[in-house]
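What follows is one structure encoded as structure tokens, with my remarks underneath.
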Amino acid sequence: MTTTVYLNGSFVPIEEARVSVTDRGFLFGDGVYEVIPAYGGRLLRLPHHLRRLQDSLDGIRLGNPLSDHEWENIFNELLTRNRDRAGADNDQSIYLQVTRGTALKRDHSFPEQIEPTVYAAANPIPAPDPDIAIRGVAAVTLQDIRWQWCDIKAITLLANVLMRQQAVDQSAAEALLVRDGLVIEGSSSNVFVVNDGVIQTPPKSPLMLPGITRDLALELAALHNLPYRETDISEAALHDADEIWISSSTREIVPVTRLDGKPVGGGEPGPVWKTMARHYRAYKDDVRSGRAD
Ligand code: PDD
């Protein structure tokens, strides 16, 4: 089964896809990315992801190399060409990245007249691990050592990589990041807590990525009359929560049942998570059948 990727205008086998060693993505991490899930071959919340891509490109002062329509055609072509690598449900995710391009001279400031490098690929989304719904996952808290423009989905992920590895070294699935005593998000996810039945998540700010899954979870909460609030969450409140969840396009909504080695609430996925997971599954089915996007 060949993996076909998109690179600078062409669809090529992944083994043949090459970028220059002088690409500013390679040298400086000078680029942005997106991850877009597709269920049953249909992209989830594509306009929201393309809007966030535009915001990220604006944030690094890089023009969008393609129109929304061109992006959509590339993603659909990748989903089709990689269909045989996906499971029976045909759930895949699109990864795309745009870097500022290649310039022979290494110089921090922007080169003039340079073409961005555009890369996109499709990857199978494995069926959710049933063990997670039974046992949940572990997380640890860490100080957020990142910069102050975390709303830009930048490929420069060294801090996130190091923090995630610190979590993995402690047999945890995610690091929950704390800045000035407030919980911000995970190393590659947004964070929710539930207290007395009320779902809470930090309000959007430049210090966190505005997650598409986060917004969808809040929309589902509103639709199904689950009480929710966007509010600051202190580190102490995180440790006192009845439930903790993390959310992302690839992991969906995952219950955190151990925090820093201690059980969260009863130490099992909580009732509000179970309700939300049911609504999220139903939403994915609606995407599959074309009733929702
Ligand atoms: N990461 N916060 C951070 C720092 C993230 O990297 C991500 C997603 C999220 C969740 O955003 P969304 O719901 O739009 O996926 C929040 C992607 C999946 C990644 O880096 O692979």
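The values are calculated or read from the model by the stated rules, or taken from the named source; none is laboratory data. Note that the coordinates shown come from a computational prediction; the quantities given were computed from them, not determined experimentally. Every residue, glycine among them, receives a Cβ derived from its backbone with ideal geometry; neighbour counts consider all protein chains shown. For the accessible areas, the whole protein counts, side chains as well, though only heavy atoms, and no ligand, DNA or RNA atoms are used. Shrake-Rupley method; radii C 1.70, N 1.55, O 1.52, S 1.80 Å.
With respect to (1) away from the ligand (no atom under 12 Å from the Cβ); (2) within 15 Å of the chain's Cα centre (by Cα), the lone exception for residue 187 is condition (1). For the range 31-50, a residue qualifies if it is open to solvent by less than 30 Å² (accessible area, probe 1.4 Å), under 16 Å from residue 211 (Cβ atoms), of a type outside the set (Val, Ile, Thr) and in contact (Cβ under 8 Å) with a residue 60 or more places away in the chain, and the qualifying residues are 34, 37, 44, 45, 46, 49. Residues that are touching a helix residue (DSSP H, G or I) at 6+ places or on another chain (Cβ under 9 Å), open to solvent by 40 Å² or more (accessible area, probe 1.4 Å) and in contact (Cβ under 8 Å) with a residue 12 or more places away in the chain within the range 275-293 comprise just one, 293. Got at least one residue in the range 144-162 being within 16 Å of the ligand (Cβ to nearest atom), open to solvent by 60 Å² or more (accessible area, probe 1.4 Å) and closer than 28 Å to residue 267 by Cβ? No, that holds for no residue.
Conditions tested, residue by residue: (1) outside any helix (DSSP H, G or I); (2) within 16 Å of the ligand (Cβ to nearest atom); (3) at pLDDT 95 or above; (4) under 21 Å from residue 126 (Cα atoms).
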{"site": "183", "(1), (2), (3), (4)": "yes, yes, yes, no"}
{"site": "191", "(1), (2), (3), (4)": "yes, yes, yes, no"}
{"site": "204", "(1), (2), (3), (4)": "yes, yes, yes, no"}
{"site": "209", "(1), (2), (3), (4)": "yes, yes, yes, no"}
{"site": "215", "(1), (2), (3), (4)": "no, yes, yes, no"}
{"site": "237", "(1), (2), (3), (4)": "no, no, yes, no"}
{"site": "245", "(1), (2), (3), (4)": "yes, yes, yes, yes"}
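In this structure, does residue 65 turn out to be more than 16 Å from the ligand (Cβ to nearest atom) and in contact with a strand residue (DSSP E or B) (Cβ under 6 Å, 6 or more places away or on another chain)? For residue 65, the condition - more than 16 Å from the ligand (Cβ to nearest atom) and in contact with a strand residue (DSSP E or B) (Cβ under 6 Å, 6 or more places away or on another chain) - is met.
Look through 53, 62 and report the one residue that is open to solvent by less than 90 Å² (accessible area, probe 1.4 Å) and part of a helix (DSSP H, G or I). So that I can check it myself, show each step before the final result.
Working: 62 fails: part of a helix (DSSP H, G or I).
After applying the criteria, what remains is 53.
One line per residue, one yes/no per condition, for (1) in contact with a strand residue (DSSP E or B) (Cβ under 7 Å, 6 or more places away or on another chain); (2) more than 27 Å from residue 44 (Cα to Cα):
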residue: 75; (1), (2): yes, no
residue: 131; (1), (2): no, no
residue: 158; (1), (2): no, yes
residue: 174; (1), (2): yes, no
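Going by the conditions given, is residue 107 within 16 Å of the ligand (Cβ to nearest atom), exposed (fewer than 15 other Cβ atoms within 10 Å of the Cβ) and modelled with pLDDT of 95 or more? No. Residue count for the range 1-19 satisfying the condition of being assigned to a strand (DSSP E or B) and under 24 Å from the mean Cα position of the chain (by Cα): 4.
Across the range 84-101, not a single residue is classified as assigned to a loop (DSSP other than H, G, I, E, B), within 14 Å of the ligand (Cβ to nearest atom) and either touching a Leu at 6+ places or on another chain (Cβ under 7 Å) or within 18 Å of residue 154 (Cβ to Cβ) (or both).
Would you point out the residue of the range 252-279, among those that are within 21 Å of residue 169 (Cβ to Cβ) and in contact with a Gly (Cβ under 9 Å, 6 or more places away or on another chain), that is nearest to the ligand (Cβ to nearest atom)? Step through it out loud before you land on a result.
First pass over the range 252-279, keeping only residues within 21 Å of residue 169 (Cβ to Cβ): 254, 256-264.
Going one step further and asking which of them are in contact with a Gly (Cβ under 9 Å, 6 or more places away or on another chain), we end up with 254, 256-258, 264.
Values: 254: 11, 256: 14, 257: 20, 258: 21, 264: 20 Å.
The selected residue is 254.
Within the range 197-239, being surrounded by fewer than 19 Cβ atoms within 10 Å (Cβ to Cβ), within 16 Å of residue 178 (Cβ to Cβ) and β-branched (Val, Ile, Thr) holds for one residue alone: 231.
So, of the residues in the range 172-181 that are assigned to a loop (DSSP other than H, G, I, E, B) and over 21 Å from residue 273 (Cβ atoms), which turns out to be most open to solvent (accessible area, probe 1.4 Å)? Step through it out loud before you land on a result.
Quick first cut of the range 172-181, residues assigned to a loop (DSSP other than H, G, I, E, B) only: 172-173, 180-181.
From the residues that got through so far, the ones that are over 21 Å from residue 273 (Cβ atoms) too are 180-181.
Working: 180: 143, 181: 37 Å².
The residue in question is 180.
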